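Just below is one structure, and these are the notes that go with it.
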Amino acid sequence: MKPIQMVDLKSQYHKIKREIDNAVLDVLESSAFINGKPVQEFADALSFYLGVKHVIPCANGTDALQIAMMALELKPGDEVITPSFTYIATTEVVALLNLTPVFVEVDKDTFCIDPEAIKKAITPKTKAIVPVHLYGQPCNMEAIMQIAEEHDLFVIEDNAQAIGAEYTFSNGIAKKTGTIGTIGSTSFFPSKNLGCYGDGGALFTDNDELAAKMRMIANHGQSKRYYHDMVGCNSRLDTLQAAILQIKLAELDSYIAARRKAADYYDAAFAGNPKIQVPVRSQNSLHVFHQYTLILHGANRDGLNQFLASRNIPSMIYYPVPGHKQKMFHTYNASAYQLPATDWLTDRVISLPMHTELEDEQLEFIASSVLEYINS
Ligand SMILES: *Cc1c(COP(=O)(O)O)cnc(C)c1O
């Protein structure tokens, strides 16, 4: 059996090695390392795949969130509603721009921001909501968009973990996550569902004006070379990464299918075990399983983690400290927040190996090891 990893990027690379190597060599030969042809070609291909009018590539998923908030002209003191139960980048950017993060609860079953909690957190200062499609599970976008419309708020979807996921509205219209809100952002960090071989990110929108503004912000606020209309930053997707992403985008649907197949395997193996809650799959959305995350009921999580480690099976806690408990946010008095569902999940979640290259014998070994510990 191949060694088990949380993410197996090497095996994935080996399956597309020839194409990738050729694409990389082409970029080297062209020497157009910045803004070479693959950058726009990839953006066009991704906009077609997602069904969104504009894709603006940038340097990483954190920058994407920052550029989105800058383009929406959020000002110091504006409140941004975000889950506490997310990767730090989501909330860090809010604070970096001197905006005020307002931490709210997630739904215990989906790990996604709770629309009822959003409603309660709205004040006259609220300007935006940042739903995070955590672990690849789409948020309840119908409810979120309704709240945003009622209160005239922007919605920035943090789609870093859910590229390719789909959400179906009650009227039957299906949309890819990241294309539903005012702006969507994503990351192409290597371990993400569509990952490059370094850092990368992108923004999505159907709004022409916002797209133009985000392009400018990502490029030093330039409208024309050396004419700077606004303060921006330097955030580019480099040509090598774009060339790699072009190839991997063509594989994305099969990558999603492979992740879902591995999730099916785990689901079946753990079905009916009272101590293990498997990820829910909403009827109206397609979960793309960036992570396969269990909730343990009355089982020793550290013990399980160590038992698995003794068999060379990695497992991870995403994330061990929620946003409102991070020292980073002490100036916002964040520790005073009462977020019992977030704390409850933080104590109980554990993520198992999840990637596109998991083989049946690996899945069987992981699942049977989990059960052996849990049932002992
Ligand atoms: C990975 C991630 C980001 C940040 O992406 P980077 O490319 O690492 O900057 C933001 N939000 C979430 C939810 C993520 O998982």
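The values are calculated or read from the model by the stated rules, or taken from the named source; none is laboratory data. Just so it is clear, the model here is predicted, and its values are computed rather than measured. Glycine gets a Cβ as well: all are built from the backbone with ideal geometry, and neighbour counts include every protein chain shown. SASA here: full protein model, heavy atoms, side chains in, ligands and nucleic acids out. Shrake-Rupley method; radii C 1.70, N 1.55, O 1.52, S 1.80 Å.
Odds and ends about this structure:
- Between Glu142 and Asn98, the simple label model (points 7 Å from Cα in the Cβ direction) yields a spacing of 4.2 nm.
- R0 of 51 Å, Cβ-Cβ distance Lys2-Thr331: FRET efficiency to nearest 0.05: 0.65
- Potential extension, Ala257-Ile173 segment - 0.36 nm per residue separation minus Cα distance: 28.1 nm
- Pairs from Lys15/Lys213; Lys2/Lys37; Lys53/Lys127; Lys53/Lys192 whose Cα-Cα separation, in the structure shown, is over 27 Å: Lys15/Lys213; Lys2/Lys37
- Expressed as a whole percent, the accessible area of the chain that falls on carbon and sulfur atoms is 51 (1.4 Å probe).
- Placing a label point 7 Å from the Cα of Asp360 along the Cα-to-Cβ direction, the residues of the range 1-34 whose backbone N falls under 16 Å of that point are 1-2.
- Averaging the sequence gap over all C-alpha pairs within less than 8 Å and six or more residues apart, then dividing by the number of residues, gives the range 252-374 a relative contact order of 36 percent.
- Helix-only CD estimate at 222 nm, as mean residue ellipticity for the chain, using -39500 (n - 2.57) per DSSP H run (n ≥ 4): -12500 deg cm²/dmol
- Point-to-point label distance, Phe48-Glu116, nm (Cα→Cβ direction, 7 Å offset): 4.5 nm
- On the basis of the beta-carbon distance and an R0 of 41 Å, Lys125 and Glu372 show a calculated FRET efficiency of 0.20.
- If only the Cβ of Lys and Arg carry +1 and only the Cβ of Asp and Glu carry -1, the dipole of the chain around its Cα centre is close to 460 debye.
- Unpartnered cysteines - no second Cys beta carbon under 4.7 Å - across the chain: Cys58, Cys196, Cys233
- In the chain, a dipole from Cβ-located charges (positive for Lys and Arg, negative for Asp and Glu) runs towards its positive end, and of Trp344, Leu50, Pro322 it is Pro322 whose Cα lies farthest in that direction.
- For the chain, relative contact order (Cα pairs under 8 Å, six or more residues apart, normalised by length) works out to 22 percent.
- Each peptide among 27-38, 55-66 gets the average number of other Cβ atoms lying within 10 Å of its residues, and from highest to lowest they stand as 55-66, 27-38.
- The modelled label-to-label distance for the pair His297/Asn273, using points 7 Å beyond Cα in the direction of Cβ, is 1.4 nm.
- Of all lysines in the structure, the ones whose alpha carbon falls short of 17 Å from that of Lys275, not counting any fewer than 8 places away in one chain, are Lys108.
- Taken per residue, the accessible surface of the range 252-374 reaches 45 Å², heavy atoms only and a 1.4 Å probe.
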